[in-house]
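To start, the structure under review is shown below, and the notes come after it.
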Amino acid sequence: MQSDSIRAVVTGGVSGLGLAVATRIVADGGKAALFDVNDDKGAAAVAALGDANAHYFRTDVTDEDGVAANVAAAKEFLGGLNAAINCAGILGAGRVLGREAPMPLKNFAATVMVNLVGSFNVAKAAAAQMQHNDAGDDGERGAIVNTASVAAYEGQIGQAAYSASKGGVVGMTLPMARELARFGIRVNTIAPGIFWTPMVDGMPDDVQQSLSASIPFPSRLGKPEEFADLVAYILGNRYLNGETIRLDGAVRLAPK
Ligand SMILES: NC(=O)c1ccc[n+]([C@@H]2O[C@H](COP(=O)([O-])OP(=O)(O)OC[C@H]3O[C@@H](n4cnc5c(N)ncnc54)[C@H](O)[C@@H]3O)[C@@H](O)[C@H]2O)c1
């Protein structure tokens, strides 16, 4: 699709990778609806992007009905809906056998609920709207981009819940792309390595340095704009479908 015609829901759109995606979409002439649960950052993001181009919808992606209602409202604001980018996520770190006790099920389930179930909720609500779009070139009606992680493939100690949730995102990509093909809706996923966002910003300096040193080339953390650039490419290249793309400087996470 043409970059200036993009009308997108971006979850996690007020921070880190999601904010970079929304910023890129608006810079290219499109419009973005920001779905998040951080009202302060939401207001700041809209102030930066301009309220004609972006609108914040307080949305917990785990809330099925809330997501459906806000996707419909977002379509009104955007004047259509042809893209959904899932960036909302939580780390949910913790050992299966923690120092005090085994990981409570609610911790594991909460991570899966936000990262996997949340992505599903948004994808299905977006596809339900997109199926009614007029067909564009090749019959295209929309595109969905999910965010997994390299932890889907080589999760570290303490990432059992996170890796399970991200592995689920990778796993649902192809069947969803196959199913939605008849509506002309593409589904792809990006598996980022280690990016410089608020999620890693709080880590101590030595941890950040050792993270950078572990990345073959370029030996630094990824920039959110590099993630946004890949999202823009995926939205623009109609032949890209059903795929998960690693964006990671060739990093392979060690066990710890
Ligand atoms: N930063 C990295 O190195 C990295 C690496 C691999 C994957 N990822 C993934 O990329 C995505 C974005 O991460 P980020 O680094 O930009 O983190 P971030 O913390 O800056 O942004 C995540 C956003 O998701 C929002 N969010 C959390 N729970 C939510 C919920 N229930 N409903 C709606 N919004 C919710 C948060 O409020 C936040 O604004 C996440 O899915 C993360 O797992 C990040």
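The values are calculated or read from the model by the stated rules, or taken from the named source; none is laboratory data. In this text, all values refer to a predicted model and were calculated from it rather than measured experimentally. Cβ atoms come from the backbone with ideal geometry, glycine included; neighbour counts cover every protein chain shown. To get the accessible areas, we keep the full protein, side chains included, count just its heavy atoms, and leave off ligands, DNA and RNA. Shrake-Rupley method; radii C 1.70, N 1.55, O 1.52, S 1.80 Å.
Do we have any residue at all in segment 60-70 that's away from the ligand (no atom under 13 Å from the Cβ) and either open to solvent by less than 30 Å² (accessible area, probe 1.4 Å) or of a type in the set (G, A, S) (or both)?
Quick first cut of segment 60-70, residues away from the ligand (no atom under 13 Å from the Cβ) only: 65, 68-69.
From what is left, the residues that are either open to solvent by less than 30 Å² (accessible area, probe 1.4 Å) or of a type in the set (G, A, S) (or both) are 68-69.
Yes, some residue in segment 60-70 is away from the ligand (no atom under 13 Å from the Cβ) and either open to solvent by less than 30 Å² (accessible area, probe 1.4 Å) or of a type in the set (G, A, S) (or both).
Quick check on segment 218-237: of everything there that is in a loop (DSSP other than H, G, I, E, B) and open to solvent by 20 Å² or more (accessible area, probe 1.4 Å), which residue is farthest from G30 (Cα to Cα)?
Start the filter on segment 218-237 by keeping residues that are in a loop (DSSP other than H, G, I, E, B), which leaves 218-221, 223, 237.
Still in the list and also open to solvent by 20 Å² or more (accessible area, probe 1.4 Å): 218-220, 223, 237.
Numbers: P218: 30, S219: 33, R220: 30, K223: 21, N237: 16 Å.
The selected residue is S219.
Which condition number does A48 fail, the rest of (1) under 20 Å from M199 (Cβ atoms); (2) surrounded by 16 or more Cβ atoms within 10 Å (Cβ to Cβ); (3) of a type in the set (A, V, I, L, M) being met?
Among (1) under 20 Å from M199 (Cβ atoms); (2) surrounded by 16 or more Cβ atoms within 10 Å (Cβ to Cβ); (3) of a type in the set (A, V, I, L, M), A48 violates only (2).
How many residues does segment 181-207 hold that are open to solvent by less than 60 Å² (accessible area, probe 1.4 Å) and either in contact (Cβ under 8 Å) with a residue 40 or more places away in the chain or among the basic types (K, R) (or both)?
15
Would a scan of segment 21-43 turn up a residue that is without any contact (Cβ under 8 Å) to a residue 60 or more places away in the chain, closer than 21 Å to M130 by Cα, surrounded by fewer than 24 Cβ atoms within 10 Å (Cβ to Cβ) and aliphatic (A, V, I, L, M)?
There is at least one residue in segment 21-43 that is without any contact (Cβ under 8 Å) to a residue 60 or more places away in the chain, closer than 21 Å to M130 by Cα, surrounded by fewer than 24 Cβ atoms within 10 Å (Cβ to Cβ) and aliphatic (A, V, I, L, M).
Do you know which residues across segment 208-217 are touching a residue at least 24 places away in the same chain (Cβ under 8 Å) and open to solvent by less than 30 Å² (accessible area, probe 1.4 Å)? I'd like the intermediate steps shown before the answer.
First pass over segment 208-217, keeping only residues touching a residue at least 24 places away in the same chain (Cβ under 8 Å): 214-217.
Of everything in segment 208-217, just one residue is touching a residue at least 24 places away in the same chain (Cβ under 8 Å) and open to solvent by less than 30 Å² (accessible area, probe 1.4 Å), namely I215.
When the residues of segment 4-29 are filtered to those that are out of contact with any helix residue (DSSP H, G or I) (no Cβ under 6 Å at 6 or more places or on another chain) and either assigned to a loop (DSSP other than H, G, I, E, B) or farther than 11 Å from L49 by Cβ (or both), which remaining residue is nearest to the ligand (Cβ to nearest atom)?
That would be G18.
Looking at (1) open to solvent by 50 Å² or more (accessible area, probe 1.4 Å); (2) part of a strand (DSSP E or B); (3) more than 15 Å from the ligand (Cβ to nearest atom), which is the one condition that is false for R178?
The failed condition is (2).
Any chance you could count how many residues in segment 109-154 are part of a loop (DSSP other than H, G, I, E, B) and away from the ligand (no atom under 11 Å from the Cβ)? Don't jump to the end; show me each part of the working.
From segment 109-154, those part of a loop (DSSP other than H, G, I, E, B) are 131-136, 140-141, 148-150; that's our starting set.
Retained after the next criterion (residues that are away from the ligand (no atom under 11 Å from the Cβ)): 131-136, 140-141.
Residues in segment 109-154 being part of a loop (DSSP other than H, G, I, E, B) and away from the ligand (no atom under 11 Å from the Cβ): 8 in total.
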